[in-house]
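Nothing in this text is a laboratory measurement; each read-out follows from the coordinates by a stated rule. Since the structure is predicted, the reported quantities are computational estimates derived from the model, not experimental observations. Methodologically, a virtual Cβ is constructed for each residue, glycine included, from the backbone with ideal geometry; neighbour enumeration extends over all protein chains shown.
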Amino acid sequence: MAAQIDLPPTRQALAWRVMSRTRIIWLIAAFVALGALLWGATFFWEGIDGDVSGHGWFAYILGGVFTLGLSAGLFALTFYSARHGHDDIDPPAGNGTP
């Protein structure tokens, strides 16, 4: 099972609050990076004389948001699984070993 750090209740509350701020900062940074990539893509398409309709931009932005959301969700599930012991290796049942 994963090792857990025992902190006094006030320190645990502080640790979760700080972690929450850190997550918010990372989320904001990810959306800023996504915006920068979209902004850079406009120069690329202008350089090759490609016209992108409003539907194309909508699909492009929606795809980026869904990709970012999917990756964040999968990372969250990975950390949840690791912290709650779902990834621990258990010996096979019924083989006579303790």
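Would you report the distance distribution of C-alpha pairs in the range 17-83 as whole percents per 5 angstrom bin, up to the bin with the largest distance?
3, 14, 17, 22, 14, 11, 9, 6, 3, 1, 0
Report the calculated FRET efficiency for F66 and E46 (r = Cβ-Cβ distance, R0 = 30 Å), to the nearest 0.05.
The pair F66/E46 has a calculated efficiency of 0.75.
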